[in-house]
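Encoded as structure tokens, the structure appears first; notes follow it.
The values are calculated or read from the model by the stated rules, or taken from the named source; none is laboratory data. On a predicted model such as this, the values are computed, not experimentally measured, just so you know. Cβ sites come from the backbone with ideal geometry, for glycine too, and all protein chains shown count toward neighbours.
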Amino acid sequence: MTTYCEVVRRLSLWMRAHPMAGDSLIAVLLGLFDLLFSLGDSGHSTPWFVIVPLDIATVAPLVWRRRRPVLTAYLLLAISIPHAILTVGFASSFAEIIALYTVLVYSGRRNGLGFLLVLVVETGIQVVLGPENEIVLSAIVIALGLALCWVLGEFVGARRAYDVEVEARLHLLETERDQATKIAVNDERSRIARELHDVVAHAVSVMVVQADGASYAIRSDPELAERAVRTISDTGRGALAELRSLLDVLRNDDPGGEPRVPQPNAASVGELAERVRTAGVEVRLEIDEDLGELPIGVSLGVYRIVQESLTNTLKHAGRGASASVRLRRDADAVLIEVTDDGAGRELVPKRGLTRVSGGNGLIGMRERAHVFGGTLDVGPAPGGGWRVLAKLPVRLAQ
């Protein structure tokens, strides 16, 4: 059963992608049915070399009915006149009904109503000129057929217009989402660039001070001068590594921007947790003691990731939620884990839309992690609630 449904689904998708193939199949089947009916009627006086071309001409325009609905409809109407006069089959009647449906669906109600009026006049003349004892029955059959075709065309046309509108809105939403994401990424990168500009300026200041000290102590205290030179070397290497990692995100400073203030670091997480507790969320801390020796940029990144995580807990976890912050360091990396037991949920769009993973805050955290060569994992915690797990390398690539 699954295989059969899959075949039908694939056939339907292929027919939708190649509409002329389906229309050609309809034309061929209708033409064969009419030929078999006409040529099989021994009492028919019309010769076969007239019936065959006439039947082909009657059904052939159906192949282009979706591309040129109005032109195809009136062409079929013209061809149906000799077909009906010679009474060589029923292909003209079916073709006219299909043409009315096509005009209504693909060209609109106004063109459909115009074609319907012409079709009613043409079929009415045929009915009047036909056998008198069949006028009433023929009129009823034609009226029911045209009414059914009109109702079906209205329904399918409305559904098609609705699908087009939905697709347009989805495209607009995706475009707006992409633009908002690009703006958020650019803003966050600019902010990171300004912060790391201060990091580099700090490193250069340290190097200048140490160099001045070494120049005074090089004769009186060579050992002190040697330590100053080593400090200059270590500071310069660290600043150079951070600068290399940020070349892709550096932006020009905005002269009219916000004034610079001293940036927080990993040691400020305790103060951050205290402010969150004051706001109503209980925060548990587990912090290793040797976080103070982190590179300045990495330390700032640790603080910002914890800050954004706790901010999301305040916004989305709900009343009575609590959070846990764990900062652990090994020889190569610092691990940041922030969990809460609230009701925060990932933003998952409806079917048919591109998946959106969080808002601007999550974009900023991901940018901070990636700019230092780290990783970020955000999602529901195994036991409930929400978890942010980040890993930042302690030593940047030289």
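For Val338, the test of being modelled with pLDDT under 90 and crowded, with 23+ Cβ neighbours inside 10 Å is failed.
Taking the criterion of being at pLDDT 80 or above and either on the phi > 0 side of the Ramachandran plot or basic (Lys, Arg) (or both), the residues of the range 284-327 that qualify are Arg284, Arg304, Arg326. Only a single item in (1) under 22 Å from Leu144 (Cβ atoms); (2) loosely packed, with under 14 Cβ neighbours inside 10 Å; (3) of a type in the set (Gly, Ala, Ser) is not met by Ser80, and it is number (2). Test Ala217 against the criterion of being at pLDDT 80 or above and assigned to a helix (DSSP H, G or I), and give yes or no. Yes: the conditions hold for Ala217.
Restricting Leu113, Leu86 to those that are at pLDDT 80 or above and either surrounded by 13 or more Cβ atoms within 10 Å (Cβ to Cβ) or under 46 Å from the mean Cα position of the chain (by Cα) (or both) reduces the list to Leu113.
Number of residues in the range 279-296 that are under 13 Å from Ala323 (Cα atoms) and part of a helix (DSSP H, G or I) equals 1.
When you scan the range 164-176, do you find a residue that is outside the structural domain of Leu29 (by TED's automatic domain parsing), at pLDDT below 85 and either within 27 Å of Pro47 (Cα to Cα) or of a type outside the set (D, E, K, R) (or both), even just one? Yes, the range 164-176 has at least one match. Whenever a residue of the range 277-296 is without any contact (Cβ under 8 Å) to a residue 12 or more places away in the chain, its partners that are of a type outside the set (Lys, Arg) and surrounded by 14 or more Cβ atoms within 10 Å (Cβ to Cβ), lying with C-beta atoms within less than 7 angstrom and at least six residues away or across chains, give the pairs Arg277/Val283. Listed conditions (1) touching an Asp or Glu at 6+ places or on another chain (Cβ under 6 Å); (2) aliphatic (A, V, I, L, M); (3) farther than 27 Å from Ile26 by Cα are all met by Val185, apart from (1). Checking the condition part of a helix (DSSP H, G or I), at pLDDT 80 or above and under 34 Å from the mean Cα position of the chain (by Cα), which residue from Leu196, Leu152, Leu224, Leu148 passes? Leu152 is the lone residue from the list that is part of a helix (DSSP H, G or I), at pLDDT 80 or above and under 34 Å from the mean Cα position of the chain (by Cα).
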